[in-house]
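Here the structure is laid out as structure tokens; the discussion comes afterwards.
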């Protein structure tokens, strides 16, 4: 039997569970072992880094390759040199963050003075945001400040966020904001 | 962190102050515990007996906001008892520098103070008064005996003379006995070969004197020779998975990526900008790494604007926005301006300011004054839904709101960087749920649409230009591209080729951040081909032949591949847990910053067992002949200062390579509030006098003053000190934990922790709902009556302190009864950072 480290852990824990119940008079070990394998055997395995604090713990994500293609399980990565498989309560709950019925799953819009959200398409949302950005920027763009110095900016649009984005997204985001002429660019690090 | 998480295990003494690491960075305790098993001492200093305190050898309570007094007393103890590392202090720090005659400190003020006229800044200093004396070559004058009365060392000694254990105890409420126990235990790390580390977090940053709290500890670490060594350093435990990366990439007004300076209006050309921000050292022993500044700024402009940036147009320098020289555009300033109706459009992207900003009542009211807002998040939240929040009538709120669903971290690919600067790649598991999208795709598509509008305008011959205040300007007929919209150049010229088959491709951006050779370039006889990735930032150029979106990341994604995706678990030969082939760390995969200070002048490690780097060059006749370092990637990589025979080398370099003169900064003349940290009371405080000087509060603090910015100090209506903190089961405003059943079951509600004495005083029982109020708002909380808080004896009186977690908000749980602690916190902050003082403010607690 050729086992990698994780499979070894799974099989041995299944074995221990099997021994524990053998006093019942029948051996559940094969059933238990099969159930353990099912969880991940047909799943896609990817690694991730925890999305909460900045310790940077590694985790393994098992995603179903059949059915809905959603996350089956997320657990600490024993091969990660920082956390060696351990996770805190938040890290151990990432699956519930991802597979959460409360998540936003479509763009929403709230009109002026309205008391409700309405679902809108991505195209509609992004086109309308783009128009707002351009209108506001064009109407408020300052080529020079009160001292007559060239500033090429708008102070009528501001942005906050986000330490929750990946590095590449942060870079892309700041490039967009700076090309638009924003100076009010801030995020979590300031608070 | 100058060091990294695993390195904590190498420490001999761990001070956790301004942090509750066991609760908020639980996995860090794997290494705290390992150090303790090897004999290290753990010290916890905190107003409350926390989970961290419960594991500590020594626990010392202190009143919130008095850390400078506490640590200033430690500086005095170290100096009085000669416990500082003499060789390190004299040779590697600026303790020997001679300070100019204009420097003075009197009655709580340093020389050069002017009171602020308009606010929010209470005042400012003319820092030129604090300059060093320099010789005729421009090199700072030094006295390495440290005896000159105008030396930094002697001035420091004089400054902290006032910080006696008696006075410190009166201010902090810590017993003299506890103070001395902490001082004695921590100061023992000054011995050569011993290492002490500090783990701090928002408990230090969130004060009107936050930067100086950290500075006080930096001084201690330098005096004890704890910088650059294994198990040492100054370690900020950052709280968000990629807050280090978002800082590196400058989602902050005052920076550009890679800690380049934000552009000021007076930097009218690229040359002026580079000249202004490139430090010049005349000391041949100083590497002065920032002398490379123009290489990084020009490479950044090439990443911004690609082929459109060239020498003739100053590499597109004028296309970037500029801040007024005296302006501030920080978080506080955004919501102040928004409240004053000066901001029309707002992006709250992956952030929930309605609960996270200090004085959130003002933040929420400010949102009502917007014309439009874009809110990107995983969940509906208090910011996006502010228009139907508590006490808000939607029919009176004009703001248009677009709420866009973002994909979760496991649903996309890309890298994040942890607190120890380790850049780690994450892979996509499931596809984004429903119609949600990765932030990168949203940004890419949004900017495509903006660009399209500007292109369309340009193609149609353009609108009339409309300037500030809506006044119509002249059409620009000279430049075809300039016809569309206001100043379209930066938008139309921004390099934006980050899609593969129309989808955002994080690998393309990661490569752009690393940087490319844009021409064939020959460096030290080796040719690098145009279009290849730059191996590391020592090869970046200032002539436009290289690009790099963030120079400190140069080396992270090279022709050898994606370094952040590496998983090799082999340790380095020094076996101190560097794991140099696991992930990648900036800069240059260096795991411990300032590691050249871990060796003596000859390049021999202070600690032979837990060495970080050591010089391994060949020698002949008592002189080094070849240059080679073993261990971690050495800082700068120059020869040591001395040969094996003790003679000085002309090509040797000082260890603190990012400092202009190459020395650790005990004296910090660049700070807004003084070159030596000084104790001031929080803006809202329970005492009527500052026991160290006649000046109560930081005279340079920033304090805002709209009708929503009420403050109350020594006010009988708000007699108790309040502070905020986190619990293990929730995260930040709770938006990524409150919608989860498991975590909510563990920590279901807003609470206030208080001492048994305070509970008796107010007749409050454990578990009762009570009201906590400040000058700004009230919040309902469940009372936790605990021995973890004890009243402080301050001066002749008793001061009670309470604490509230800041994870809640009206949207989740759906009862709406659990609100944000930031409704209570004040609009006042640190003059260097404008980070709010949410760790020390005044409240009242009453039964409902």
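Please give the contour-minus-distance gain from residue B:717 to residue B:311: 0.36 nm per residue of separation, less the Cα-Cα distance, rounded to one decimal in nm. Please list the in-between numbers first.
Details: separation 406, 0.36 × 406 = 146.16 nm, distance 6.32 nm.
Additional length available on full extension: 139.8 nm.
Would you order B:647, B:50 from fewest to most other beta-carbon atoms within 10 Å of each residue's own beta-carbon? All intermediate terms of the calculation are to be shown ahead of the outcome.
Details: B:647 9, B:50 22.
Ascending number of Cβ neighbours within 10 Å: B:647, B:50.
Stretched out fully, how many nm does the piece from residue B:575 to residue B:57 gain, at 0.36 nm a residue minus the Cα gap?
Details: separation 518, 0.36 × 518 = 186.48 nm, distance 2.71 nm.
Additional length available on full extension: 183.8 nm.
Please compute the average number of Cβ atoms from other chains found within 10 Å of each residue's Cβ in peptide B:508-518.
Values: counts 2, 8, 4, 1, 4, 5, 0, 0, 0, 0, 0.
The per-residue average across the peptide is 2.
For every helix of n ≥ 4 consecutive DSSP H residues, a contribution of -39,500 (n - 2.57) applies; sum these over the protein assembly as shown, divide by its total residues, and give [θ] at 222 nm rounded to the nearest 500 deg cm²/dmol. It would help to have the intermediate numbers written out before the result.
Numbers: 26 runs with 248 residues, N = 1039.
Helix-only estimate at 222 nm: -7000 deg cm²/dmol.
Take the Cα pairs of the protein assembly as shown, get the Kirkwood Rh, then feed it into Stokes-Einstein at 37 °C and 0.692 mPa s and tell me D in µm²/s.
Values: Rh = 29.8 Å.
Calculated translational D: 110 µm²/s.
Could you tell me what a quarter of the Cα convex hull surface of the stretch A:44-98 works out to, in nm² with one decimal place?
Details: hull surface 13.8 nm².
Its average projected convex-hull area is 3.5 nm².
Can you give the Rg and Dmax of chain B based on its C-alpha atoms, in angstrom?
27.3, 87
Place a point 7 Å from Cα of residue B:164 in the direction of its Cβ. Which residues in the stretch B:70-86 have their backbone N less than 19 Å from it?
Once the point is set 7 Å along Cα→Cβ of residue B:164, B:70-82 turn out to lie under 19 Å by backbone N, inside the stretch B:70-86.
Taking the stretch B:194-265 on its own, what percent of its Cα-Cα pair distances exceed 15 Å? Don't jump to the answer; show the numbers that get you there.
On the way: 1659 of 2556 pairs.
Tail fraction, whole percent: 65.
Hey, rough spin-label estimate for residue A:149 and residue A:41, points 7 angstrom out along Cα→Cβ, what's it come to in nanometres?
Label at residue A:149, label at residue A:41, 6.9 nm between them.
Write down the percent of antiparallel bridges among all DSSP beta bridges whose residues are both part of the stretch A:108-190, to the nearest 5.
Details: 4 of 8 bridges.
Counting DSSP beta bridges with both partners in the stretch A:108-190, the antiparallel share is about 50 percent.
When every alpha-carbon pair in the stretch B:293-417 is counted, what percent end up more than 17 Å apart? Before the final figure, lay out the partial values.
Numbers: 5244 of 7750 pairs.
That tail contains 68 percent of the Cα-Cα pairs.
What is the antiparallel percent of DSSP beta bridges lying wholly in the protein assembly as shown, to the nearest 5?
Details: 75 of 124 bridges.
Just about 60 percent of them are antiparallel.
Calculate the spin-label point distance for residue B:529 paired with residue B:275, positioning each point 7 Å from the Cα along the beta-carbon direction, and give it in nanometres.
4.1
Could you sort B:719-732, B:128-141, B:214-227 so that the peptide with the highest average Cβ count within 10 Å comes first and the rest follow in order?
Numbers: B:719-732: 22.4, B:128-141: 14.6, B:214-227: 26.0.
For the peptides B:719-732, B:128-141, B:214-227, the packing ranking is B:214-227, B:719-732, B:128-141.
Quick one: of the DSSP bridges fully inside chain B, what percent are antiparallel, nearest 5?
So the antiparallel bridges amount to about 55 percent of the total.
If a paramagnetic tag sat 7 Å from the Cα of residue B:796 along the Cα-Cβ line, which residues of the stretch B:671-707 would have the backbone N under 16 Å from that point?
Residues B:687-691 qualify, since their backbone N sits under 16 Å from the label point.
Identify the residues of the stretch B:620-646 with backbone N under 15 Å of a label point that sits 7 angstrom from the Cα of residue B:560 along the Cα-to-Cβ direction, or state none.
From the stretch B:620-646, the list is B:631-634.
Quote the FRET efficiency, to the nearest 0.05, computed for residue B:392 versus residue B:435 with a Förster distance R0 of 25 Å and r equal to the Cβ-Cβ distance.
0.35
Taking a quarter of the surface of the convex hull around the Cα atoms of the stretch B:532-682, what do you get in nm²?
Working: hull surface 54.2 nm².
Here the figure is 13.6 nm², rounded to one decimal.
Pop a pseudo-label 7 angstrom from the Cα along the beta-carbon direction at both residue A:115 and residue B:134 and give the gap in nm to one decimal.
Spacing of the two 7 Å Cα→Cβ label points: 6.8 nm.
What is the order of B:807, B:388, B:711, A:187, fewest Cβ neighbours within 10 Å to most? Walk me through the numbers before you get to the answer.
Working: B:807 25, B:388 16, B:711 21, A:187 28.
Ranking B:807, B:388, B:711, A:187 by Cβ neighbours within 10 Å, fewest first, gives B:388, B:711, B:807, A:187.
Order these by the 10 Å Cβ neighbour count, fewest first: B:649, B:426. Don't skip to the answer; put the middle values down first.
Working: B:649 17, B:426 26.
Ranking B:649, B:426 by Cβ neighbours within 10 Å, fewest first, gives B:649, B:426.
Using only Cα atoms, figure out Rg for the stretch B:705-783 and give it as a multiple of 2.2 N^0.38 Å.
On the way: Rg = 15.1 Å, N = 79, 2.2 N^0.38 = 11.6 Å.
Normalised Cα radius of gyration, the stretch B:705-783: 1.30.
Using the Cα gyration tensor of the stretch B:267-320, with a ≥ b ≥ c the square roots of its eigenvalues, what is the shape: rounded (a/c below 1.5), prolate (a/b larger than b/c) or oblate (neither)?
Values: a/c = 3.53, a/b = 2.14, b/c = 1.65.
Verdict is prolate for the stretch B:267-320.
Seen from all sides and averaged, what is the projected area of the convex hull of the Cα atoms in the stretch A:108-190, in nm²? Intermediate results must be reported in sequence, preceding the final value.
On the way: hull surface 30.4 nm².
In nm², the orientation-averaged hull projection of the stretch A:108-190 is 7.6.
Efficiency by 1/(1 + (r/R0)^6): what FRET value for residue B:38 and residue B:342, r their Cβ-Cβ distance, R0 = 60 Å, to the nearest 0.05?
On the way: r = 56 Å, r/R0 = 0.94.
According to the calculation, E is roughly 0.60.
Quick note: the coordinates plus some simple rules give every number you see, no bench work behind them. As the structure is a computational prediction, the values presented were derived from the model and not from experiment. Backbone-built Cβ (ideal geometry, glycine too); neighbour counts: all protein chains shown.
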